[in-house]
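The values are calculated or read from the model by the stated rules, or taken from the named source; none is laboratory data. From a predicted model like this one, the values you see are computed outputs, not experimental measurements. Here the Cβ positions follow ideal geometry from the backbone for every residue, glycine too, while neighbour counts run over all protein chains shown.
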Amino acid sequence: MSSNDSEPHDLDAAAEVMRTGGRILIRGSGTGTDWAGRPSTVDTVLHTSGLTGVLAYNPADMTVAVRAGTTLRDLQDQLAEHGQWIATDAARIEAGASVGGLLATADSGPRQHVYGPLRDVVLGVTVVLASGEIAHSGGHVIKNVAGYDLAKLFSGSFGTLGLLAEVVLRTHPRTATSRTLAVPADAAAAYRLAGEVRDKTVEPTALSWSDGRLLVRFEGTEAGVVPQLDRVALPGAELLDGETEKAAWAADAALVRGSAGETVIRVGALPSRFPDLAELVDKLAAEHGARAVFSSWLGVGVHTIVLRGGDAAAHAGVLIGLHNGFAESAITLHRRADGVDGLAPAWGPPPPAVGLLRSVKQAFDPDGRLGPDRFAPWLGEG
Amino acid sequence: MGDALQADLIGALGAASVLSNPTQLRTYECDGLTGYKVTPRLVALPSSAEQVAAAVAACAKHNVPFVARGAGSGLSGGALPVADGVVISLQRLRRILDIDPVNRRAIVEPGVTNLAVSHAAAPHDLYYAPDPSSQQVCTIGGNIAENSGGAHCLKYGFTTHHVYALEVVLADGTRTWLGGPTGEQAGYDLRGAFLGSEGTLGITTKAVIRLLRKPESVRTLLADFPSISAAGSVVTDIIGSGIVPAAIEMMDRLAIEAAEAAVHAGYTLDTPAALLIELDGPEAECQSLFTEVERICREHGTTKIRIAADADERAGMWRGRKAAFAAVGRISPNYFVQDGVVPRTRLAEALDRIAEMGRDAGIRVANVFHAGDGNLHPLVLYSEAAGEHDRAEQLSKQIAELCVEFGGSLSGEHGIGTDKACSMPTMFSGTDLATMATLRSAFDPAGLANPGKVLPTPRLCGEKPGPYQPHPLEAAGVIERL
């Protein structure tokens, strides 16, 4: 069944669509449409592509307010002119992901190591609810504890609570110097080396095991970065800077984004559980006849697992094995190979607070019109 | 009826852990905001998460509101009791359950003090970053309820940035976990929604919090300036040059006078403004940026720079700053402290307006604040004995609302609580507040968790949201204000 496409250009028009659009799928740039549960048929696809542009930017206050359909890449370009950036480096940014889409999918990148997930640099939001009402939370200042933080609630909500229409973000100064040390390592070696880095007096901004290489990034002033590179002293490491560094992280981002035929799964597990995770995934992949490639942010314990080769059943088998083996972890299905959907649920065992998730969903979208089945079976649909 | 609740609480906690003696109850009548006082019906002193859940379940069974309380050091009346309700003190849940240096996490109970976490982590060269001025006494549970900041949050963020997961007791007595093992989420960030909800969504019974490695190098200086605006320009230039200091604190002449009288930190008594600036990070980087900061201070006509030679001298500089609130007692019999935030670039303008408002009201205002993020802490000095209370309270409220007018916030870290609930409509629309109430009802449909805080209610603020006005029945003495 086909649905109506709608592209509101202001808040009032968006409110009208939200109120009258029936079952609604909210779509940003489309880079995360495949993530989470497969939405069931909707009446309206609300595109945020009409809600773009910077609303207010004062570099000296280190805050910027944007319409949520703005691509983060465009925003970063504008901030760069003032020597600033939004401190997040999710792989989808290069593919044109929107600010609202990145927040709604709780995406993040390797620099989460120092800057935290995207939600940590969000200061305020304007949302449009299913009722068509327009609500704000937070504000335009870096420090603010007035009222509940709806931005956090909407982070990771996949369009099921309302439309993220405007977002206020904190900016950070861009750093002058960046260098990355790269050293080939298997999972065990990567874990050991990451532990050594952790225990040295250094402050990397990213620590990733990507496609069989450990990448340790340092950023700051030249005076600050150089001594840290010396101090880390990773045997056999290659020093990347300029174009070679850019290429290494671009390759990592491409891996994380995945491509057709691949299944991509993100797992957040206690950092010390990485060896168990790597072992389990290798075992599952071998058992089911697929190949698993990792991009692991070892310092924070967030891993993107890319399954290649094998058929849908193989990918589904690995996913189910992960759900069962790492039940206490946050596991989100990103991309999946054709056919996986029928064989494995997008979400694993529900978290302890699933009852509360349902209450919140019920309170914000009593008729269940927004993003139906995105969280099936947790929210009782499907 | 009251007996039935008391009996259930005694059944769950034991008679020694349920206070009902009026003298004992009065100990809990207020928090750090002493202007509001309400004696609770009962006080429960659970010793475990199970007992917290049992106490809350008893309240739910009898449909009686409850108010969680940590150290009672909050400054917005967030732990103010409800007259017919139960105060649930978390003071007996003070175990540090785990310090995990590999994963850089601690698992703590809510009654653990903020500073105790850093002390426990110190052998591993780790610490807990949020550092409210009250960190020696305030508890992690209270910090979570308020989303507390501190002097170093410009660089390191607030409590919400340092909490992975929370075990909470919901208002029906259910115990559950919010958040997960990392910052990665599956589903809504209920952890983040709960954080900073000021006890209105439930009670924290365990927290998994982030520990950071102590920075390799810390450099601190204290610089005097001939004017607030000169000091403000220094802050602007530091931020403009791309430096994110660990802290930039500003104090004005009155605040310096008070702090110096209290702790003799070596501040200059007659300087109109002083900045306490701290950088931390890798040694070499810290040194080069510190030189740049010194240069900027001189460029704006600093009259004196003192650089902390060692950790003791640094601690001394901070002692003056952290003691400033209490120290104000030395120069004024009574005071209110406000906590509004303005966009940093409008600091000087806001301070001028505050000075003007103080002059008009005939009330002195001392200023000590986090200059890097625009979080003001105006101290409104007055004398109860001289009958200045109402004027001072009015001024204090006007200052908070001025911050909203400047595009900022009513509160940067102290919370809304009872104190500022009636000012919320100056910052948020009716729809905004109704949406927050929707979230509250999803967590607590019966409205038993800390009612009357954060969101304005007709009972608290009068029928019309906005400035408090006595209800006609109240004025006639028929009903009383909580």
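Looking for whichever is assigned to a helix (DSSP H, G or I), farther than 23 Å from A:V256 by Cα and of a type outside the set (D, E) here; the options are A:V42, A:V17, A:V66. Which one fits? Spell out how you get there, then give the answer.
Numbers: A:V42 fails: assigned to a helix (DSSP H, G or I); A:V66 fails: assigned to a helix (DSSP H, G or I).
The conditions single out A:V17.
Check the stretch B:214-234 and report whether any residue there is out of contact with any helix residue (DSSP H, G or I) (no Cβ under 7 Å at 6 or more places or on another chain) and without any contact (Cβ under 8 Å) to a residue 60 or more places away in the chain. Yes, the stretch B:214-234 contains at least one residue that is out of contact with any helix residue (DSSP H, G or I) (no Cβ under 7 Å at 6 or more places or on another chain) and without any contact (Cβ under 8 Å) to a residue 60 or more places away in the chain.
Select from the stretch B:336-354 the residues that are of a type outside the set (V, I, T) and surrounded by fewer than 22 Cβ atoms within 10 Å (Cβ to Cβ) and list them in ascending order.
First, pick out the residues of the stretch B:336-354 that are of a type outside the set (V, I, T): B:336, B:338-340, B:343-344, B:346-353.
Passing the criteria: B:R346, B:A348, B:E349, B:D352, B:R353.
Could you identify the single residue in A:T41, A:T20, A:T33 that is over 18 Å from A:L169 (Cα atoms), surrounded by fewer than 24 Cβ atoms within 10 Å (Cβ to Cβ) and under 13 Å from the mean Cα position of the chain (by Cα)? Even if it seems obvious, please write down each step before you answer.
Details: A:T41 fails: under 13 Å from the mean Cα position of the chain (by Cα); A:T20 fails: under 13 Å from the mean Cα position of the chain (by Cα).
Going through A:T41, A:T20, A:T33 in turn, just one is over 18 Å from A:L169 (Cα atoms), surrounded by fewer than 24 Cβ atoms within 10 Å (Cβ to Cβ) and under 13 Å from the mean Cα position of the chain (by Cα): A:T33.
Take the stretch B:3-38 and flag every residue that is exposed (fewer than 14 other Cβ atoms within 10 Å of the Cβ) and farther than 22 Å from B:S73 by Cα. Within the stretch B:3-38, B:D3, B:A4, B:A7, B:G11, B:G14, B:A15, B:A16, B:N21 qualify.
A quick yes/no check of all residues on (1) away from chain B (no Cβ under 14 Å); (2) assigned to a strand (DSSP E or B); (3) of a type in the set (A, V, I, L, M, F, W, C):
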residue: A:T304; (1), (2), (3): no, yes, no
residue: A:A316; (1), (2), (3): yes, no, yes
residue: A:I331; (1), (2), (3): no, yes, yes
residue: A:R335; (1), (2), (3): yes, no, no
residue: A:G355; (1), (2), (3): no, no, no
residue: A:Q362; (1), (2), (3): no, no, no
residue: A:D367; (1), (2), (3): yes, no, no
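Scanning the stretch A:2-14 for residues that are in a loop (DSSP other than H, G, I, E, B), closer than 9 Å to A:T44 by Cβ and of a type outside the set (S, T, N, Q) yields nothing. Exactly one condition in (1) over 24 Å from B:T418 (Cβ atoms); (2) of a type in the set (D, E); (3) buried (at least 24 other Cβ atoms within 10 Å of the Cβ) is false for B:E198; which is it? Every listed condition holds for B:E198 apart from (1). For the stretch B:61-74, the condition holds for at least one residue, the condition being that it is in contact with a Lys or Arg (Cβ under 8 Å, 6 or more places away or on another chain) and touching a residue at least 60 places away in the same chain (Cβ under 8 Å).
Quick one: is A:K152 out of contact with any Phe, Trp or Tyr (no Cβ under 7 Å at 6 or more places or on another chain), at the interface with another protein chain (Cβ under 8 Å from one of its Cβ atoms) and part of a helix (DSSP H, G or I)?
Numbers: out of contact with any Phe, Trp or Tyr (no Cβ under 7 Å at 6 or more places or on another chain): yes; at the interface with another protein chain (Cβ under 8 Å from one of its Cβ atoms): yes; part of a helix (DSSP H, G or I): yes.
Taking the combined requirement at face value, the residue satisfies it.
Residues are listed down the side, and each one gets a yes or a no for (1) facing chain A (nearest Cβ under 8 Å); (2) surrounded by fewer than 21 Cβ atoms within 10 Å (Cβ to Cβ); (3) in contact with a Phe, Trp or Tyr (Cβ under 7 Å, 6 or more places away or on another chain); (4) touching a residue at least 12 places away in the same chain (Cβ under 8 Å):
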| position | (1), (2), (3), (4) |
| --- | --- |
| B:K420 | yes, no, no, yes |
| B:S429 | yes, yes, no, no |
| B:M436 | yes, no, yes, yes |
| B:K453 | no, no, no, yes |
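Here B:D373 fulfils each of the conditions (1) of a type outside the set (A, V, I, L, M); (2) assigned to a helix (DSSP H, G or I); (3) out of contact with any Ser or Thr (no Cβ under 8 Å at 6 or more places or on another chain); (4) within 13 Å of another protein chain (Cβ to nearest Cβ) apart from (2). Any residue at all in the stretch B:64-80 that's assigned to a helix (DSSP H, G or I), farther than 24 Å from B:S134 by Cβ, over 18 Å from the mean Cα position of the chain (by Cα) and modelled with pLDDT of 95 or more? Checked the stretch B:64-80: no residue is assigned to a helix (DSSP H, G or I), farther than 24 Å from B:S134 by Cβ, over 18 Å from the mean Cα position of the chain (by Cα) and modelled with pLDDT of 95 or more.
Take the stretch B:384-397 and flag every residue that is in contact (Cβ under 8 Å) with a residue 12 or more places away in the chain, assigned to a helix (DSSP H, G or I) and surrounded by fewer than 21 Cβ atoms within 10 Å (Cβ to Cβ).
So the first thing to find is which residues in the stretch B:384-397 are in contact (Cβ under 8 Å) with a residue 12 or more places away in the chain, and the list is B:384-385, B:388-389, B:391-397.
Add one more test, that the residue is assigned to a helix (DSSP H, G or I), and what stays is B:389, B:391-397.
Within the stretch B:384-397, B:H389, B:R391, B:E393, B:Q394 qualify.
Does the stretch B:328-335 contain any residue that is touching a strand residue (DSSP E or B) at 6+ places or on another chain (Cβ under 8 Å), assigned to a helix (DSSP H, G or I) and under 30 Å from B:S217 (Cα atoms)? Within the stretch B:328-335 (the criterion being touching a strand residue (DSSP E or B) at 6+ places or on another chain (Cβ under 8 Å), assigned to a helix (DSSP H, G or I) and under 30 Å from B:S217 (Cα atoms)), the answer is no, since none of the residues qualifies. I'd like to know if the stretch B:401-411 contains one or more residues that are acidic (D, E), surrounded by 20 or more Cβ atoms within 10 Å (Cβ to Cβ) and within 12 Å of another protein chain (Cβ to nearest Cβ). No, the stretch B:401-411 contains no residue that is acidic (D, E), surrounded by 20 or more Cβ atoms within 10 Å (Cβ to Cβ) and within 12 Å of another protein chain (Cβ to nearest Cβ). Are any residues in the stretch B:87-103 crowded, with 16+ Cβ neighbours inside 10 Å and touching a Gly at 6+ places or on another chain (Cβ under 9 Å), and if so, which ones? Of everything in the stretch B:87-103, those that are crowded, with 16+ Cβ neighbours inside 10 Å and touching a Gly at 6+ places or on another chain (Cβ under 9 Å) turn out to be B:S89, B:L90, B:Q91, B:R92, B:L93, B:R94, B:N103. Determine, yes or no, whether B:G111 is under 19 Å from the mean Cα position of the chain (by Cα) and crowded, with 19+ Cβ neighbours inside 10 Å. Judged against the criteria, B:G111 is a match. Out of B:E285, B:E249, B:E299, B:E294, I need the residue that is under 21 Å from A:H172 (Cα atoms) and out of contact with any Ser or Thr (no Cβ under 7 Å at 6 or more places or on another chain). Which one? Residue meeting the stated conditions: B:E249.
A quick yes/no check of all residues on (1) among the aliphatic types (A, V, I, L, M); (2) part of a helix (DSSP H, G or I); (3) surrounded by fewer than 21 Cβ atoms within 10 Å (Cβ to Cβ); (4) out of contact with any strand residue (DSSP E or B) (no Cβ under 6 Å at 6 or more places or on another chain):
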position: A:R119; (1), (2), (3), (4): no, yes, no, yes
position: A:V127; (1), (2), (3), (4): yes, no, no, no
position: A:V141; (1), (2), (3), (4): yes, no, no, no
position: A:E166; (1), (2), (3), (4): no, no, no, no
position: A:T175; (1), (2), (3), (4): no, no, yes, no
position: A:A189; (1), (2), (3), (4): yes, yes, yes, yes
position: A:G195; (1), (2), (3), (4): no, yes, yes, yes
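Looking across the stretch B:84-110 at every residue that is out of contact with any strand residue (DSSP E or B) (no Cβ under 9 Å at 6 or more places or on another chain) and within 14 Å of another protein chain (Cβ to nearest Cβ), the one that is farthest from B:Q24 (Cα to Cα) is identified as B:V102.
Mind listing just one residue for me: the one in the stretch B:378-400 that is touching a Ser or Thr at 6+ places or on another chain (Cβ under 9 Å) and closer than 30 Å to A:M62 by Cα and, of those, nearest to the other protein chains (Cβ to nearest Cβ)? The residue in question is B:A400.
Taking the stretch A:197-252 as the range and being of a type in the set (A, V, I, L, M, F, W, C), within 11 Å of chain B (Cβ to nearest Cβ) and buried (at least 22 other Cβ atoms within 10 Å of the Cβ) as the test, the residues that pass are A:F218, A:V225. Filtering the stretch B:154-182 to residues that are in a helix (DSSP H, G or I) and touching a Phe, Trp or Tyr at 6+ places or on another chain (Cβ under 9 Å) leaves only B:H162.
Any idea how many residues of the stretch B:339-363 are away from chain A (no Cβ under 14 Å) and β-branched (V, I, T)? Step through it out loud before you land on a result.
Here is the first cut: in the stretch B:339-363, the residues away from chain A (no Cβ under 14 Å) are B:351-363.
Cutting the leftovers down to β-branched (V, I, T) gives us B:354, B:363.
Count: 2.
Taking the stretch A:207-294 and the strands (runs of 3 or more DSSP E) fully enclosed by it, the elements with 2 or more residues that are within 18 Å of the chain's Cα centre (by Cα) are at A:263-268.
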